[in-house]
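Right, I'll just put the structure down here and ask away after.
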Amino acid sequence: MASLEDLTELETRAVADVAAAASVEAVDAISTAALGQSSPIAEARRALRDADPDERRALGRAISQIATAIEAAVEERRTVLAAAERALRLEADRTDMTLPGRLPYRGAAHLVMQVWEEVVDIFTAIGYTVASGPEVETAYYNFDALNTPPTHPARLESDTLYVEYGDDPEAVLLRTQTSPVQARWMESHDPPVYIVSPGRVYRRDAVDATHTPVFHQMEGLAIDDNITFADLKGTLAYFIEKFFGPGGRQRFLPNFFPFTEPSAEMQFSCHVCDGSGCRTCGGTGWIELLGCGMVDPFVLETAGYDPTQVSGFAFGVGIDRLAMIRYEVPELRYFFDADMRVLEQYR
Ligand code: DAH
């Protein structure tokens with residue numbers, strides 16, 4: 001058993017070690033070694049049972065004093081170290097509450113979709129209904145019902161993207177225009193008809209400044225008693241004025257589309273130079289905008305309408321083209337490149 005001198009020496013050493021300890025962990029280790037179950041102090045306490053009763057009290061008190069002195073040193077050092085460790089941890093965890101918050105990134109509709117919504121709104125405001133049709137279409141609706149003969153070059157695989165190629169009306173393709181919605185709508189609705197049909201269309205075109213294999217169109221169709229070319233002109237003039245602003249002029253040039261007779265291409269005076277010639281209009285003062293015409297009697301008849309009772313006009317306008325012209329976007333492919341430097345300008 002350790003003598004009282006041994007224990008006093010142990011106290012001196014433990015107190016010195018505790019004072020020199022650099023961490024709470026080290027203090028705890030010293031404390032366990034000096035005061036724990038198998039320490040010389042615990043051993044001395046256990047041995048008190050066998051000590052001479054006359055000495056037991058004094059010995060017991062001496063051992064307790066040694067233990068208390070070590071405990072006090074441990075407690076004091078532990079308090080100091082714990083505070084220092086806590087301060088370090090807080091410093092490392094510090095959050096700078098004065099930093100500005102991070103806003104979540106806000107998306108926006110793509111410019112083409114904004115224009116899509118806007119042109120649809122212009123027509124729904126004057127009573128048109130929005131109609132839609134499938135992008136995967138049959139040759140019947142894309143071509144045959146629209147008076148496009150089997151020999152028409154647009155039907156070739158070189159121009160049209162087929163899902164199932166064939167000459168017959170059941171061939172399946174990606175629609176090349178929104179015009180098939182005309183045929184679908186008339187098949188299931190009686191006149192009068194006032195619809196617009198915005199949508200995605202596909203053509204087998206290589207990408208250049210003004211062509212991409214997918215783009216957007218809006219079809220318009222009005223069928224009623226006595227619809228004339230004057231209605232067509234008036235409606236489209238109204239549309240152009242709403243979209244590009246007042247003061248422009250329109251002109252109609254003869255053209256050909258299988259599903260309209262007569263057919264025309266509509267041009268409007270350049271909104272940038274007002275007709276004097278600039279880069280936007282290629283120096284001509286006029287901008288080609290859309291195809292239009294009076295619905296061919298064959299198309300009305302195929303849809304089950306009586307061409308002696310009703311007449312109508314139709315038009316098809318490129319939505320991407322409208323966006324390019326109004327915002328002076330030089331390349332159609334900018335709309336499809338997903339380059340944020342371009343897209344972010346049109347929030
Ligand atoms: N579908 C034609 C095209 O893609 C555009 C068009 C022209 C639509 C005349 C019409 C129309 O409804 O009457 O080029």
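Is there a residue in the range 260-278 that is assigned to a loop (DSSP other than H, G, I, E, B) and aromatic (Phe, Trp, Tyr)?
First, pick out the residues of the range 260-278 that are assigned to a loop (DSSP other than H, G, I, E, B): 270-278.
Those still in the list that are aromatic (Phe, Trp, Tyr) too: none.
No, the conditions are met nowhere in the range 260-278.
Taking the condition within 29 Å of the chain's Cα centre (by Cα) and either in contact (Cβ under 8 Å) with a residue 24 or more places away in the chain or not assigned by TED's automatic domain parsing to the domain that holds Tyr327 (or both), does Val112 pass? Give the derivation first.
Values: within 29 Å of the chain's Cα centre (by Cα): yes; either in contact (Cβ under 8 Å) with a residue 24 or more places away in the chain or not assigned by TED's automatic domain parsing to the domain that holds Tyr327 (or both): yes.
Considered against the rule, which asks whether it is within 29 Å of the chain's Cα centre (by Cα) and either in contact (Cβ under 8 Å) with a residue 24 or more places away in the chain or not assigned by TED's automatic domain parsing to the domain that holds Tyr327 (or both), Val112 comes out as yes.
Restricting the search to the range 306-328, which residues are outside any helix (DSSP H, G or I) and either touching a residue at least 12 places away in the same chain (Cβ under 8 Å) or within 21 Å of the chain's Cα centre (by Cα) (or both)?
Of the residues in the range 306-328, the ones outside any helix (DSSP H, G or I) are 306-318, 328.
Passing the criteria: Gln309, Val310, Ser311, Gly312, Phe313, Ala314, Phe315, Gly316, Val317, Gly318, Glu328.
When both residues are 6+ apart or on different chains and their Cβ atoms are under 9 Å apart, which pairs have a first residue that lies in the range 11-22 and is within 12 Å of Val80 (Cβ to Cβ) and in the same structural domain as Glu76 (by TED's automatic domain parsing), and a second that is open to solvent by less than 70 Å² (accessible area, probe 1.4 Å) and hydroxyl-bearing (Ser, Thr, Tyr)?
What qualifies is Val18/Ser31.
Going residue by residue through the range 120-133, is there one that turns out to be crowded, with 19+ Cβ neighbours inside 10 Å and among the polar types (S, T, N, Q)? Don't jump to the end; show me each part of the working.
Residues of the range 120-133 crowded, with 19+ Cβ neighbours inside 10 Å: 123, 128, 131, 133.
Still in the running and among the polar types (S, T, N, Q): none.
No, every residue in the range 120-133 fails to be crowded, with 19+ Cβ neighbours inside 10 Å and among the polar types (S, T, N, Q).
Further, regarding this structure: Being outside the structural domain of Asp224 (by TED's automatic domain parsing) and open to solvent by less than 60 Å² (accessible area, probe 1.4 Å): is that true of Ala87 here?
Details: outside the structural domain of Asp224 (by TED's automatic domain parsing): yes; open to solvent by less than 60 Å² (accessible area, probe 1.4 Å): yes.
Against the criterion (outside the structural domain of Asp224 (by TED's automatic domain parsing) and open to solvent by less than 60 Å² (accessible area, probe 1.4 Å)), Ala87 qualifies.
OK, next. Which one is nearest to the ligand (Cβ to nearest atom), of the residues in the range 226-263 that are more than 23 Å from Cys281 (Cα to Cα) and touching a Ser or Thr at 6+ places or on another chain (Cβ under 8 Å)?
The residue in question is Phe257.
Here is a further query. Restricting attention to the range 295-302, does a residue exist that is farther than 26 Å from Val120 by Cβ, in contact with a helix residue (DSSP H, G or I) (Cβ under 7 Å, 6 or more places away or on another chain) and either within 16 Å of the ligand (Cβ to nearest atom) or not aliphatic (A, V, I, L, M) (or both)? Explain how you work it out, then say what you get.
Filtering the range 295-302 for residues farther than 26 Å from Val120 by Cβ gives 297-298, 301-302.
Of the ones still in play, those that are also in contact with a helix residue (DSSP H, G or I) (Cβ under 7 Å, 6 or more places away or on another chain) are 302.
Still in the running and either within 16 Å of the ligand (Cβ to nearest atom) or not aliphatic (A, V, I, L, M) (or both): 302.
For the range 295-302, residues farther than 26 Å from Val120 by Cβ, in contact with a helix residue (DSSP H, G or I) (Cβ under 7 Å, 6 or more places away or on another chain) and either within 16 Å of the ligand (Cβ to nearest atom) or not aliphatic (A, V, I, L, M) (or both): present.
So which residues in the range 161-201 are under 16 Å from Ala145 (Cα atoms), in a strand (DSSP E or B) and more than 16 Å from the ligand (Cβ to nearest atom), if there are any at all?
Residue satisfying the conditions is Val172 alone.
Further question on the same structure: Give the residue that is surrounded by the fewest Cβ atoms within 10 Å (Cβ to Cβ), with candidates limited to residues of the range 307-323 that are farther than 17 Å from Glu261 by Cβ and more than 16 Å from the ligand (Cβ to nearest atom).
Narrowing the range 307-323 to residues farther than 17 Å from Glu261 by Cβ: 309, 317-323.
Those still in the list that are more than 16 Å from the ligand (Cβ to nearest atom) too: 309, 323.
Working: Gln309: 9, Ala323: 24.
It comes out as Gln309.
Ok, one more. I need every pair where a residue in the range 159-174 that is within 18 Å of His216 (Cα to Cα) has its Cβ under 6 Å from the Cβ of a residue that is polar (S, T, N, Q) and part of a loop (DSSP other than H, G, I, E, B), sequence separation at least 6 or different chains.
Thr160/Thr176; Leu173/Thr160
If I filter the range 193-213 for residues that are among the small types (Gly, Ala, Ser), modelled with pLDDT of 95 or more and open to solvent by less than 30 Å² (accessible area, probe 1.4 Å), do I get at least one hit? Explain how you work it out, then say what you get.
Of all residues in the range 193-213, those among the small types (Gly, Ala, Ser) come to 197, 199, 206, 209.
Checking the rest, the ones that are also modelled with pLDDT of 95 or more come to 197, 199.
Imposing the further condition that a residue be open to solvent by less than 30 Å² (accessible area, probe 1.4 Å) reduces the set to 197, 199.
There is at least one residue in the range 193-213 that is among the small types (Gly, Ala, Ser), modelled with pLDDT of 95 or more and open to solvent by less than 30 Å² (accessible area, probe 1.4 Å).
So the check is Cβ under 7 Å with 6+ separation or different chains; which pairs have a first residue in the range 286-305 that's in the same structural domain as Ala237 (by TED's automatic domain parsing) and at pLDDT 95 or above and a second one that's among the acidic types (Asp, Glu) and within 9 Å of the ligand (Cβ to nearest atom)?
Cβ pairs passing all conditions: Gly291/Glu265.
Can you tell me which residue in the range 97-119 is farthest from Arg341 (Cα to Cα), limited to those that are assigned to a loop (DSSP other than H, G, I, E, B) and open to solvent by less than 80 Å² (accessible area, probe 1.4 Å)?
Going through the range 97-119, the residues assigned to a loop (DSSP other than H, G, I, E, B) turn out to be 97-110.
Now narrow it down to the ones that are open to solvent by less than 80 Å² (accessible area, probe 1.4 Å): 101, 107-110.
Numbers: Gly101: 24, Gly107: 13, Ala108: 14, Ala109: 15, His110: 13 Å.
In this case the residue turns out to be Gly101.
The values are calculated or read from the model by the stated rules, or taken from the named source; none is laboratory data. Because the structure is a prediction, the values reported are computed rather than measured. Because the Cβ atoms are built from the backbone with ideal geometry, glycine has one as well, and the counts that use them run over all protein chains shown. For accessibility, only protein heavy atoms count, side chains too; no ligands or nucleic acids. Shrake-Rupley method; radii C 1.70, N 1.55, O 1.52, S 1.80 Å.
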